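Following: one structure in structure tokens, then a few remarks.
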């Protein structure tokens, strides 16, 4: 979850909302890569969740990391995150204590992978001193929701109560899931539209490749990516595949219209989150928001509202690809790699669009619904997910090779696709491997996952 934006510049009208998103466009020479990943902290001695307070809790973890130059982010007198004074990078807490690195915008995959490596080295050092380990999976494999502590962030209290009203999986999403995503740029509105459409259409294929959450409360849950499944009934007003993106005339304005109709969570004023769940940003724009009558939103309000929308792909001042389970180190690097290769080369992007442009809305929806269960084995109409995944990786390899960016010893960015190529060669996702282990060498126990899939 993004750290709060506090931009008090007033919004004069609708055009300012559009301009905010449109201002993200930049020439290809300035495109960046921003990788985000979440992981579960756990007590090494008994594999239990980590509370916020205490000498070896989450607070102590965050305070310990300030030794590396991170600045503390405070709320209500408590440290709830970290920011890098020299970049846009930050560390934030998800509702159940999941540790999230939101990486700096960087030029090359070698840099973003180095950033991930450095971050994991830091959390392992501090965590090791506190008896805390970190698990890389898409869904907590054995914890019950009631056992997971709540982090002291005001927005999470509001969201927790609202989630109970709008879907059956909302609290599981908040407290028991972890993801990895990449944030990318576009150069123009038409470029944004094509990338948005390709990203949405192919997001289920990426979900299949990264499937890594087959257990719930210590038992197989019937899914390869249960993290993906929980998004199907979290809050339908702010999730999904956004079929309107594929309609003729899709534009910045159309996305703004959609975002205006997504119910709000909160308004942040003077250090306090005010509950406005279910109410309209349109009313806020008109000075008619209940509890804030006569007050108009500022740019910070709009930016924060955009972060509370959770489709499979979303835009703010950049585009977020949101469909993958969290996983081990090489998985974190592979996620930005496949999308950068597909979307940052014009020829590859065109080829990817040609591959998906004739898929019907029903096909896209069915892929979205079936992939969490069957991952790479999914077949919809004449589409075999395994075949599309192979084509995607091949296309991405071409796109990365064309970038020609090496690590100083001759290796280009295609090296970060190797983990996906291994999955495809074996025909098995990490979820498949875990299920095989559970039914054989793990002897029906879940605890070995904390050894084999910890960072």
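The values are calculated or read from the model by the stated rules, or taken from the named source; none is laboratory data. Here the structure is a predicted model, which means the values were calculated and not measured. Quick reminder, even Gly has a Cβ in these numbers, built from the backbone with ideal geometry, and neighbours come from all protein chains shown.
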> Which ones in segment 213-233 are surrounded by 24 or more Cβ atoms within 10 Å (Cβ to Cβ) and not in a helix (DSSP H, G or I)?
Replying inline: 213, 214, 224, 225
> Pick from segment 141-156 the residues that are farther than 30 Å from residue 87 by Cβ and in contact with a strand residue (DSSP E or B) (Cβ under 9 Å, 6 or more places away or on another chain): which of them is surrounded by the most Cβ atoms within 10 Å (Cβ to Cβ)?
Replying inline: 141
> Taking segment 408-450, which residues are within 24 Å of the chain's Cα centre (by Cα) and farther than 30 Å from residue 391 by Cβ?
Replying inline: 449, 450
> Which residues, taken from segment 205-240, are closer than 17 Å to residue 362 by Cβ and in contact with a strand residue (DSSP E or B) (Cβ under 7 Å, 6 or more places away or on another chain)?
Replying inline: 240
> Which number in (1) assigned to a helix (DSSP H, G or I); (2) in contact with a helix residue (DSSP H, G or I) (Cβ under 7 Å, 6 or more places away or on another chain) marks the one condition that residue 321 misses?
Replying inline: (1)
>> Give all pairs with beta carbons closer than 8 Å in which a residue from segment 54-74 that is at negative phi and surrounded by fewer than 19 Cβ atoms within 10 Å (Cβ to Cβ) meets a residue that is modelled with pLDDT under 95 and assigned to a helix (DSSP H, G or I); count only pairs at least 6 apart in sequence or on separate chains.
In response: none
> For segment 425-451, which residues satisfy the criterion of being assigned to a helix (DSSP H, G or I) and surrounded by 12 or more Cβ atoms within 10 Å (Cβ to Cβ)?
Replying inline: 430, 431, 432, 433, 434, 435, 436, 437, 438, 449, 450
>> For a quick check of your reading of the model, give me the residue pairs whose first member lies in segment 250-261 and is within 14 Å of residue 22 (Cβ to Cβ), whose second is assigned to a helix (DSSP H, G or I) and modelled with pLDDT under 95, with beta-carbon atoms closer than 9 Å and at least 6 apart or on different chains.
In response: none
>> Residues that are closer than 30 Å to residue 402 by Cβ and modelled with pLDDT of 95 or more, at least 2 per element: which strands (runs of 3 or more DSSP E) completely within segment 1-92 meet that?
In response: 34-43
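Have a look at 21, 58 and point out the one that is under 24 Å from the mean Cα position of the chain (by Cα) and within 19 Å of residue 150 (Cβ to Cβ). Steps first, please.
Working: 21 fails: within 19 Å of residue 150 (Cβ to Cβ).
Checking each option against the conditions leaves just 58.
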>> Which residue is surrounded by the most Cβ atoms within 10 Å (Cβ to Cβ), if the candidates are limited to segment 380-421 and must be out of contact with any helix residue (DSSP H, G or I) (no Cβ under 9 Å at 6 or more places or on another chain) and part of a helix (DSSP H, G or I)?
In response: 394
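Give the residue that is modelled with the highest pLDDT, with candidates limited to residues of segment 330-343 that are over 12 Å from the mean Cα position of the chain (by Cα) and closer than 20 Å to residue 214 by Cβ. Walk me through it before giving the result.
Within segment 330-343, the subset over 12 Å from the mean Cα position of the chain (by Cα) is 330-331, 333-334, 337-343.
In the following step, the residues that additionally are closer than 20 Å to residue 214 by Cβ were identified as 330-331, 334.
Values: 330: 92, 331: 94, 334: 98.
The residue in question is 334.
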> Scanning for something farther than 18 Å from residue 235 by Cβ, at pLDDT 95 or above and surrounded by 21 or more Cβ atoms within 10 Å (Cβ to Cβ), does segment 157-176 turn up at least one residue?
Replying inline: no
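State which residue is nearest to residue 67 (Cα to Cα) when the search covers only segment 90-107 and only residues that are surrounded by fewer than 21 Cβ atoms within 10 Å (Cβ to Cβ) and touching a helix residue (DSSP H, G or I) at 6+ places or on another chain (Cβ under 7 Å). Please lay out each step first, then the result.
Kept after step one, since they are surrounded by fewer than 21 Cβ atoms within 10 Å (Cβ to Cβ), are these residues of segment 90-107: 90, 104-107.
Then keep just the ones that are touching a helix residue (DSSP H, G or I) at 6+ places or on another chain (Cβ under 7 Å); that gives 104, 106.
Details: 104: 19, 106: 23 Å.
If we take residues in segment 90-107 being surrounded by fewer than 21 Cβ atoms within 10 Å (Cβ to Cβ) and touching a helix residue (DSSP H, G or I) at 6+ places or on another chain (Cβ under 7 Å), then 104 is nearest to residue 67 (Cα to Cα).
Between 360, 374, which is more than 16 Å from the chain's Cα centre (by Cα) and free of Cβ contacts under 8 Å to residues at least 40 places away in the same chain?
Numbers: 374 fails: free of Cβ contacts under 8 Å to residues at least 40 places away in the same chain.
Just a single option satisfies the conditions, and that option is 360.
Every residue, every condition in (1) touching a strand residue (DSSP E or B) at 6+ places or on another chain (Cβ under 7 Å); (2) surrounded by fewer than 20 Cβ atoms within 10 Å (Cβ to Cβ); (3) under 22 Å from residue 114 (Cβ atoms), yes or no:
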{"residue": "17", "(1), (2), (3)": "no, no, no"}
{"residue": "20", "(1), (2), (3)": "no, no, no"}
{"residue": "30", "(1), (2), (3)": "no, yes, yes"}
{"residue": "33", "(1), (2), (3)": "yes, no, yes"}
{"residue": "76", "(1), (2), (3)": "no, yes, no"}
{"residue": "88", "(1), (2), (3)": "no, yes, yes"}
> Which of the residues that make up segment 291-307 are out of contact with any helix residue (DSSP H, G or I) (no Cβ under 8 Å at 6 or more places or on another chain), buried (at least 17 other Cβ atoms within 10 Å of the Cβ) and assigned to a loop (DSSP other than H, G, I, E, B)?
Replying inline: 307
